[in-house]
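Take a look at the structure below.
The values are calculated or read from the model by the stated rules, or taken from the named source; none is laboratory data. Because the structure is predicted, anything quoted here is derived from the model rather than measured. So basically every Cβ, Gly included, is an ideal-geometry build from the backbone, and we count neighbours across all protein chains shown. Note: areas computed on protein heavy atoms with side chains; ligands, DNA, RNA excluded. Shrake-Rupley method; radii C 1.70, N 1.55, O 1.52, S 1.80 Å.
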Amino acid sequence: MRFLSRSFSLQDMTLMYLTMLATLVVILVASYQAGSTPGYRLPYRMPLDPRGDLMLSWNVSYPKQELFLELRVRQLRYGVVLGMSDRGEIFNADLVVLWNDGQKSYFGDAWSDSNGHVTLDSQQDYKLIEARHTSDGFCLLFKRPFSTCDSRDYLIEEGTVHFIYGMLEEPLLSIQQLNLSLLDPGVQRVLLLRPESPTPPLPHDVRTLDVVAPDITIPDQETTYWCHMYQLPPDMPKNHIVMYESVITPGNEAIVHHIEVFECAPQLDNVPQYSGSCDSKMKPKKLNYCRHVLAAWAMGAEAFYYPPDAGLSMGGPGSSRFLRLEVHYHNPLLISGRQDSSGIRLYYTPTLRKYDAGIMELGLVYTPVMAIPPGERDFLLVGYCTSKCTQTALPPGGINIFASQLHTHLAGHGVRTVLVRGGKEVEIVQEDKHYSTHYQVNTEESSCQGDALLTQCVYNTEDRKVATVGGFGIMEEMCVNYVHYYPRTQLELCKSHVDTGYLQKYFTFINRFQGRDSCSCGQPSVTEQYVSMSWDSFSSQVLGSLYSTAPISMHCNQSTAELFPGDWEKQELPQVTSFLTRPQYPCESCPRTNGRSGSPTVVQQHGN
């Protein structure tokens, strides 16, 4: 007890006071970082529904290969359903369910069958950590492994995850009473697995530039792409963009879905000022020449940092003063009168870094020569960047790829870019097996030194007509990966398409096989020939075989849109003889047994 009877000096009292104050600050900061649940840091968050009544927060443990997730419900009645499925379907979905039977609440790992009926899983892989009431609503904290080796559970991989969600408005005596088809659940897309990389510091002389569309009234329709022209300050010298992030108008976080900033072609002396729908017939045609990606953000994405030694050039000789901002509004509740001034905030510095960063297009050329037949479930197209092109255009030391953005339109369901060296797949630049055109921001790190880069796109056209890879319209298709790299080179575009001569031989063969004569009244266009075909499984399979074997035309383009010197027609396809395999998950090396039948967890709710 000697400590209590000690005589304190003013200096001692001051020191104790400062120590207690510092301790309190540390506790408050830790509590803030942990979110609503003490002891758990949940740095990632995004709204699930258009009103923001359901908020998902999470963190990733790569050493343990598991996710910690918190679902916050603003107004909870009798329960909530959160699930994952291949493309956001309510059937054959992996579910976590909180339900109330009128007296008690239960938490369980469940699944839905092909009719939407819900059953409790025999292997309970969602583990409840805490359920608590807060000032913001009800919070449910739980965890699960990336892979459970349960055939009814969703395998969490890099790329897009499609979440389904719904509220229970009535008590359930048993979870078997639940049918998702009667619940009218919503869908949200999330990038759960984020790369572990430290946040680089910003330079002391960093400046900001907000590229926003001011005071827009969001149309009361489900989908709107809004285009707004922005001009850089006159005579702006060369700067380096070192970071960018979204600027979302408060209250619109659940409606602003994704944003892109494009730089216009440098040769354009002027571009008309325009702010309106990107699909409007009143949109000036010059806006179609503003396609060079400068920045891209999607809902849930964090700030984008450039490597410490590189920055993206903005301003100065050879650049454009004109930028096109494109904002995608997703407004399924048809909310009217909502004002918005969202966009992208660019962080730039006049102190130039060691390297200029560049953006290169990989994949398929925008041309109707490539097409996806109708009625196809998993049709594969591949765009090639050959080693001949990279050896011609890249420096001897190669380039460092630090980020990439996959892109298709509505039919694209899976995209993958892989690095091939000596006929062997050596590294996946980026892969998304559950790709969605509504959610397109990912980052990866890689390197390329005279290697081939293959961009593979899988399409689903079961409910569509033939789709050509012909351009920017949403009903046309694309197969592209925009890779961010340094040091910048003159290689702007490295893409391919099937040789047109071999394609004409295909049309002739199919017409003769189907007993039709080729038209002798002038050569129809490729698009017309695709549309006029009588598509069946044979003609689709032959087209797929043609794409996988016929020579290609390479577009190995400089930033001036001119080809690099060389012969780029009738090039042989890069041969791949060795393929990468996926590493095993812990449950695969030590298989788990289902054991006893699963039973739900009785929820003990706590208040704050």
With θ set to phi - 60°, apply the Karplus curve 6.51 cos²θ - 1.76 cosθ + 1.60 along the stretch 384-393 and write out the HN-Hα couplings as whole Hz, x wherever there is a Gly or Pro.
10, 10, 6, 5, 4, 6, 5, 5, 6, 9
Share of carbon and sulfur in the accessible heavy-atom surface of the chain [1.4 Å probe, %]
52 percent
Under 16 Å from a label point 7 Å along Cα→Cβ of residue 509: give me every residue in the stretch 538-561 with its amide N that close.
538-552
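Given the rule -39500 (n - 2.57) for each run of at least 4 DSSP H residues, summed and divided by the residues of the chain, what is its mean residue ellipticity at 222 nm, to the nearest 500 deg cm²/dmol?
The helix-only estimate for the chain comes to -3500 deg cm²/dmol at 222 nm.
If you count only protein heavy atoms with a 1.4 Å probe, what accessible area per residue comes out for the chain, rounded to a whole Å²?
Numbers: 29100 Å² over 608 residues.
Counting only protein heavy atoms, the per-residue value for the chain is 48 Å².
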Protein chains only, probe 1.4 Å: how do 476, 425 rank by accessible area, largest first?
476, 425
Distance-filtered residues of the stretch 44-86 - backbone nitrogen under 20 Å, label point 7 angstrom along residue 170 Cα→Cβ:
76-82
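Mind checking which helices in the chain clear 30 Å along their axis (Cα) and have mean Kyte-Doolittle hydropathy of 1.0 or more, DSSP H runs only?
Values: long enough: 10-33 (34 Å, 1.38).
Those that clear 30 Å and a mean of 1.0 are 10-33.
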Length gained when the stretch residue 336-residue 236 is fully extended (0.36 nm per residue, less Cα-Cα span)
32.1 nm
Once label points are set 7 Å from the Cα along Cα→Cβ at both residue 41 and residue 221, what is their separation, rounded to one decimal in nm?
4.5 nm
Take 135, 446 and sort them by solvent-accessible surface of the protein heavy atoms, 1.4 Å probe, largest at the top.
135, 446
Give me the accessible area of residue 140, 1.4 Å probe, in Å² rounded to the nearest 10.
10 Å²
Which parts of the stretch 147-182 would a label at residue 101 reach, counting a residue when its backbone N lies under 11 Å from a point 7 Å out along Cα-to-Cβ?
172-176
Which lysines, if any, have their Cα less than 26 Å from the Cα of residue 286, not counting same-chain residues under 8 positions apart?
238, 495
Tell me, in nm to one decimal, what length is gained between residue 561 and residue 265 on full extension, where the rule is 0.36 nm per residue of separation less the Cα-Cα distance?
105.5 nm
Could you check the simple spin-label distance between residue 303 and residue 113, using points 7 Å along Cα→Cβ, in nm with one decimal?
5.1 nm
Order of 197-209, 230-242 by packing, highest average Cβ count within 10 Å first?
230-242, 197-209
